[in-house]
Amino acid sequence: MYKVVSILIIATFGVCLGEFVETPDKIYFASKEALNWTEAKKACEEAGLELVSLIHESEKAALESFLREYKLVPEDVWSGYWLAGIRHPDGKFYWDTTGTKVGEGLNDWLVGEPSNAYYKEHCMELKQDLGQMGWNDYFCVEGRKYLCQVPRPEGPRGEGLRDYNFLAEENRLNERQNYRVPMPFDNGIIYLDASEIFINKPF
Ligand SMILES: *[C@@H]1O[C@H](CO)[C@@H](O)[C@H](O)[C@H]1NC(C)=O
Ligand SMILES: [Ca+2]
């Protein structure tokens, strides 16, 4: 099924796929360019694809092996890829493409995430931290490479939202009280505020 769908997509959107890293794997696509989240969503859609959503454990394994095989694993904490998940005004994360809640099947948040730094991290990226791939919430206005997939052939579909402007606004819902990131220094633990960590990375 995937094969038929992807051959159709390649045939129809061959030109647009020039924006993506060329791989023989035609289920996942890694962008070459960095865009903000809404532009990344649009770029996937213009190629007949959609931002990657991760609902089942098997999808995490498939995506990670794709990234490893083509040497596309995020190199450091600043080189993640946008995924389809966003924090809605109700404070909860949803996959934009399916309309379902993030974390209901697979839950792959990195330690200490989602941190919602400055109350403005409403978009999900896949990044690597301490040798582990997983999810982080990050500022939607920032440029990131992004991951697209062949649209899910079955299952729930999100309608999409009329207005995504809330992604650039503060949202203090589900605020963590005294949120602190544990750092693996010595046998005691040194704690840093999320705001200190982001002090050199203004948005
Ligand atoms: C992304 O960039 C476009 C074009 O500059 C802009 O219209 C849009 O609001 C931006 N989206 C976010 C989430 O910053
Ligand atoms: Ca975060």
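Where a number appears in this text, it was derived from the coordinates with a stated rule and is not lab data. The structure presented is a predicted model; accordingly, all values stated were derived computationally and were not measured. Positions of Cβ are backbone-derived with ideal geometry, glycine not excepted, and every protein chain shown enters the neighbour counts.
Checking the cross-link pairs Lys60/Lys120; Lys32/Lys101; Lys26/Lys120; Lys42/Lys145; Lys71/Lys101 against a 24 Å limit on the alpha carbon distance flags Lys60/Lys120; Lys32/Lys101; Lys26/Lys120; Lys71/Lys101 as lying beyond it.
Backbone phi angles across the range 30-41, fed through the Karplus curve with coefficients 6.51, -1.76 and 1.60 (θ = phi - 60°), yield HN-Hα couplings of 9, 6, 8, 9, 9, 9, 6, 4, 5, 5, 5, 4 Hz in residue order; Gly and Pro are listed as x. Computed from backbone phi with θ = phi - 60° and the Karplus coefficients 6.51, -1.76 and 1.60, the 3J(HN,Hα) list for the range 127-138 is 9, 10, 9, 6, x, 10, 8, x, 9, 9, 8, 8 Hz; x is used for glycine and proline. When each of Asp137, Asp90 is scored by the number of other beta-carbon atoms lying within 10 Å, the sequence from fewest to most is Asp90, Asp137.
Per-peptide packing, taken as the mean over residues of other Cβ atoms within 10 Å, places 67-73, 31-37, 47-53 in the sequence 47-53, 31-37, 67-73 from highest down. Note on Glu170 and Glu33: their simple-model spin labels are 3.3 nm apart, each label 7 Å out from Cα toward Cβ.
Rounded to the nearest 20, the size of the Cβ-charge dipole of the range 43-152 about its Cα centre is 20 debye, with Lys and Arg at +1 and Asp and Glu at -1. Close amide H pairs (under 5 Å, H built 1.01 Å from N) link Gly85 with Asp96, Met124, residues at least 5 positions away or on another chain.
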